[in-house]
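Colleague: After the C-alpha cells below, expect a handful of questions from me.
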Amino acid sequence: MLSLENITNTIHEWLNATMNPSLALLSEFVIIGICAIALFAMLGLSLVLMERKVAAFMQLRLGPNRVGPFGIFQTVADTLKLMMKEGLTPDGADKFLFNLAPFIVMIAAMMLLAPIAFARGFQIWDINIGVLFLSAVSSVSVIGILMAGWASNNKYSFLGAMRSGAQIVSYELSAGLSIITIVILTGSLQISDIVNSQENGWWIFKGHIPVIISFITFLIAITAETNRAPFDLPEAESELTAGFHTEYSGMKFALFFLSEYINIFIACAVGATLFFGGWMPFHIGNWEAFNHIMDYIPSSIWFMGKTFFLIFLLMWFRWTFPRLRVDQLLNLEWKYLLPISMINLLAVTLMAIMGWHF
Amino acid sequence: MIEELGTTSEGYMVINIGPQHPATHGVLRLVMTLDGETIIKTEPHLGYIHRSIEKMCESLSYRQFVYVTSRMDYLSSHMNNHGCSLVVEKGLQVEIPERAQVIRVLMDELTRVASHELWWGAMAMDLGAFTPFFHSFRERETITDIMEETCGARLTMNYICPGGVMADLHPDFQKRVKNFVTLFKSKFHEYNELVTGNIIFQNRMKGVGFLSAEDAISFGCTGPVARGSGVKSDIRKLYPYEVYNKLQFDEVLETGGDSFARYMVRINEMLQSIKIIEQLIDNIPEGEFQAKTKAVLKLPKGEFYQRVETARGELGVYIVSEGGTTPYRIKFRSPGFSNLSALPQMVKGSKIGDLVATMGTLDLVIPDIDR
C-alpha cells in the first residue's frame, strides 16, 4: 500500500545511495525545510478560507465565492494583494524590533511543526521530549507579540500586547497541566509513544471523566493561547482597533495573520495527538475485523480529520461567543481552570497508578 | 490637565477612542484617561459630524424642513419626521385623518423594531460576537423592504409630512407586515438563545455601567436608558399623541440600572412594538391619508413644542414662529445627546471592555447627537 512512510524511506535510501551520508543529511534538511514552508503556506491559505466559509455558514451568508470555484483562490488573491502592499514602518517605532517581531512569531510557529506526527512514520523530528518541546516553543510567540506591541509605539498595540502577555502566560499553565495528564497515562513525552499507546482506543475514551475534563480544559486553554474569540482580547477590534498588529501592514501583517492560523493548526494537532490518537485509526479493544477495516483509511486522513474537527470547534466558538473582559479572563484561569486542572491531575495520577483506565 | 497625546502629570495614559474607531459607530471621539485598563476619566468630544441642521431649517419652509430631519437620527427617521409634522400641525391646528394617524403609528413602531434590531446586532458586535448582527439583519431587511415599497426609501424615509403622510400605503403592505410579524415571532427565540442566555454575555453586562434613577433624571436620560433605571419616560404613555392612548401596550421598565437592564428593556420593547403593530394592522381605517392643507404653510406667531418617543428616547421639536413661511428659530432636543452625557459617570472606574458594553447599550447614533 502506498503510504507516506514508504515515500520518505525511498527518498532516504536513494539519497544515501547516491551521495555521501553528510551530504544526504544536508539535502534531507533542505527538502524538509521546503516542505515545511510549503505546508506553512498551504495551511495558512486553506485555514483562512475554511474560517471564512465556516463564518459564512454560521452567519447565513455564502462567503467567498467569486475567485475560483467556491472561492478557493480567494485567499491566494488576498495574499498577492498583501505582498504588493507597502510594508509601512511608523516613524516613532523601534524599527529593528518592529521588523523582527513578525519573524519571531512566524519562526516559533514553524518550529512547532517539527514534532507533529502527520501520519504513520511521517514526522520531521521524533524528539524524545516532544510534548515538552511543544509547550516550550509555543510560549516563544508571546515574545514576538510583546515586541510588536512595544515597538509599534502605539497605545492600542501596547494595551493589546500587555493583554496578550497576561493571557498567554496564564493559560499556558492549564494547557500544560492538561497535557501532563496524558503524559502520566502514557509514561512518555515522545509523540510516537503517545500515539502508539492509543492503539487499542483513544485516551478520550479510555481515560474516563478525568481525561474528558482535561480535554475541555485543554480546548479552552488553546483557544486562549491562540488569541481567538472569545479570548481575542489582544486584538479586540471593537476596543483596541486591531490590538498588537494595529501598525502592521502588507506582508508583515500577513505573517502575523498566517502564524495565528498555523498556531491554531498546531494546537489542534496536539489536541488530536494527545486525546484522539493522532494518526491512529479508530480502534475498539479486541474487535479485530472492525480495527482492520479502520486501518484501510490512510493514517494521514485520520490525523487531518481529527485536527480539522478540532479547528472547526474553535471556529464555532469564535463565531458564537462574545468576548470576555480582561479581568474575567484572568478570573476564569486562576480561579476556575487552574484549580480544576490541578485536582484533575491528581485524579488522573491516581487512575494511572491504580490502572483503572482501559 | 489632559494633553492631547501622551500621559497626564499623574502618569496615567491618555488614549483617544475615536473619531474613527470601530466601537463608536460614527465619528464620536472619547478622550480617555487610563490607569492600565481602568478608566479614570472619559471626555466625549462632539462636533465631527455637525451639519447645522437647526440653522438649515430656519431657511427652509415648513414643508421642506421635515426632510432634513431624517438625517438626524437616521435609524428612526419616521419618528423625526413625525415630531416635526406634529409640531407644524399643532401650529396650524389641523386635524389629520384617522387613517394617516394609524399609518404613522404603524411606521413608527416598525421603525422602532428595525432600530432595535440594528442595535442588537451592533451591540453584540461590540462585545465581540459577530454572528448576531447577521441574524438581526435577516429580520431588519424585511422591514426595510416594506418601507421601500411604501415610502420609496430604505433609510431616510421622508414619508410622514405635515398634514398626514406622503402617499397611500402599498397594496401589499398589510400582507407583508403580517409576514414580518410571523417571521419575527418565529425567530425571536434565537435572540435569547444566541445572546441573552449566554453566560459570557451576562457576565459582561450585569453590574456594568450602572446608572441610578436619580442620575438618569438629572442627566436628562430618556428612552430605554432611563427605563432601564426604572424611570417612567415613555412619551407614548405620558403624553400620548396620535392613536397611542387607544392602544394596549406596556411601558417596559427594568430597575437594574445596569447594561443588562437596558438590554432587556430594548429586547422587550421589540415585543411591545410587535404587539402594537398586531393591533393596528387589521384595523387601518379607510379614508384620506392626508388632510387638506394650503400649499404654503404659515404658522401663527408664537412658540410650539412637541415631543415624540423615538427608538432612542424623547425627541423634542421646538419652533419659534414670527408668522412667516419659515421658522424663526428651531431647536431639537435629541435623546442621544442627553444619554451620552451620562456615559462618563457610568464608565468611571471600569475597564475598557465595559466602556464598549456600556456604549453599546446607550445605542448612540452620532448624527443625532451632533445634528
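FYI, it's all coordinate maths here, none of it is from the lab. Computed from a predicted model, the values in this text were never measured in an experiment. Methodologically, a virtual Cβ is constructed for each residue, glycine included, from the backbone with ideal geometry; neighbour enumeration extends over all protein chains shown.
Colleague: Which helices (runs of 4 or more DSSP H) sit wholly inside segment B:174-234 and have at least 3 residues that are within 14 Å of another protein chain (Cβ to nearest Cβ)?
Modeller: B:199-205
Colleague: For A:Glu239, state whether it is in a helix (DSSP H, G or I), acidic (Asp, Glu), crowded, with 24+ Cβ neighbours inside 10 Å and touching a helix residue (DSSP H, G or I) at 6+ places or on another chain (Cβ under 9 Å).
Modeller: Criteria met by A:Glu239.
Colleague: From the residues in segment B:311-329 that are under 27 Å from B:Ala216 (Cβ atoms) and either without any contact (Cβ under 8 Å) to a residue 60 or more places away in the chain or surrounded by fewer than 23 Cβ atoms within 10 Å (Cβ to Cβ) (or both), which one is nearest to the chain's Cα centre (by Cα)?
Modeller: B:Gly316
Colleague: When you scan segment B:268-371 for strands (runs of 3 or more DSSP E) that lie fully inside it, which ones turn up with 3 or more residues that are within 30 Å of B:Val31 (Cβ to Cβ)?
Modeller: Per the criteria, B:314-321, B:329-333.
Colleague: Follow-up. Just one of the numbered conditions (1) under 21 Å from B:Asn179 (Cα atoms); (2) buried (at least 19 other Cβ atoms within 10 Å of the Cβ) is not true of B:Val265; which one?
Modeller: Going through the list (1) under 21 Å from B:Asn179 (Cα atoms); (2) buried (at least 19 other Cβ atoms within 10 Å of the Cβ), B:Val265 breaks only (1).
Colleague: Only one of A:Ala347, A:Ala269, A:Ala289, A:Ala352 is of a type in the set (Gly, Ala, Ser) and surrounded by 23 or more Cβ atoms within 10 Å (Cβ to Cβ). Can you tell me which?
Modeller: Step by step, each of A:Ala347, A:Ala269, A:Ala289, A:Ala352 is checked, and only A:Ala269 is of a type in the set (Gly, Ala, Ser) and surrounded by 23 or more Cβ atoms within 10 Å (Cβ to Cβ).
Colleague: Right, here's the next one. Give A:Gly44, A:Gly71 a once-over and let me know the one that is at positive phi and surrounded by 17 or more Cβ atoms within 10 Å (Cβ to Cβ).
Modeller: Among A:Gly44, A:Gly71, only A:Gly71 is at positive phi and surrounded by 17 or more Cβ atoms within 10 Å (Cβ to Cβ).
Colleague: Here are B:Arg71, B:Arg29, B:Arg63: which of them is of a type in the set (D, E, K, R) and either surrounded by 20 or more Cβ atoms within 10 Å (Cβ to Cβ) or within 22 Å of A:Ser157 (Cα to Cα) (or both)?
Modeller: Only one candidate qualifies: B:Arg29.
Colleague: Report the residue count in segment A:208-248 for those that are of a type in the set (S, T, N, Q), closer than 24 Å to B:Ile352 by Cβ and more than 11 Å from chain B (Cβ to nearest Cβ).
Modeller: Qualifying residue count for the region: 4.
Colleague: Check segment A:334-352 and report whether any residue there is among the small types (Gly, Ala, Ser), over 25 Å from A:Leu173 (Cβ atoms) and away from every other protein chain (no Cβ under 14 Å).
Modeller: No, every residue in segment A:334-352 fails to be among the small types (Gly, Ala, Ser), over 25 Å from A:Leu173 (Cβ atoms) and away from every other protein chain (no Cβ under 14 Å).
Colleague: May I pose another question? For segment A:1-58, give me the residue count where each residue is assigned to a helix (DSSP H, G or I) and either in contact with a Pro (Cβ under 6 Å, 6 or more places away or on another chain) or polar (S, T, N, Q) (or both).
Modeller: Summing the residues that are assigned to a helix (DSSP H, G or I) and either in contact with a Pro (Cβ under 6 Å, 6 or more places away or on another chain) or polar (S, T, N, Q) (or both) in segment A:1-58 gives 10.
Colleague: Check off (1) in contact with a Phe, Trp or Tyr (Cβ under 8 Å, 6 or more places away or on another chain); (2) over 30 Å from B:Lys294 (Cβ atoms) for B:Ala100 and give me the number that stays unchecked.
Modeller: Here B:Ala100 meets the rest and fails (2).
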